[in-house]
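The values are calculated or read from the model by the stated rules, or taken from the named source; none is laboratory data. What you see is a predicted model, and the numbers here were worked out from it, not measured in a lab. For neighbour counting, all protein chains shown are included, and Cβ atoms are generated from backbone atoms with ideal geometry for every residue, glycine included. Surface accessibility is based on the protein's heavy atoms, side chains included, excluding ligands, DNA and RNA. Shrake-Rupley method; radii C 1.70, N 1.55, O 1.52, S 1.80 Å.
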Amino acid sequence: MTHIFGMAQIDIYTRQFCSYCTMAKRLLQRHGLAFVEHDATGNAEMRAEMIQRANGGTTFPQIFIDGQHVGGCDDLFELEASGRLARLVSQAEA
């Protein structure tokens, strides 16, 4: 199932029992942003896909907005604090 906010597609690679994954998903939900969750728990192929898409990023979560890698949980919170998250999502709606 694909979730799209405006025209922005948000993909988040997660694993079970990951507090950073939970925090990132809650931030997105708090802003009313739908996302596609890719649970890579125990899935080596999906983890390899994530690492490739994230240019070597191996930690969870890894987050993408319209295919652009924005980083992990801390990066997402920095985007929110700076106002850049709203701009990234609204650019996709234009």
Heavy-atom accessible area of the chain with neighbours in place, 1.4 angstrom probe: carbon+sulfur share in percent works out to 49 percent
Within the chain, cysteines having no neighbouring cysteine beta carbon under 4.7 Å are CYS73
Averaged per residue, the 1.4 Å probe accessible area of the chain, protein heavy atoms only, in Å², is roughly 58 Å²
Phi angles of region 12-20, converted by Karplus (6.51 cos²θ - 1.76 cosθ + 1.60, θ = phi - 60°) into ³J(HN,Hα) in whole Hz with x for Gly and Pro, give 9, 8, 10, 9, 5, 6, 9, 5, 5
Residue-normalised 222 nm signal for the chain, counting each DSSP H run of n ≥ 4 as -39,500 (n - 2.57), nearest 500 deg cm²/dmol, is -13500 deg cm²/dmol
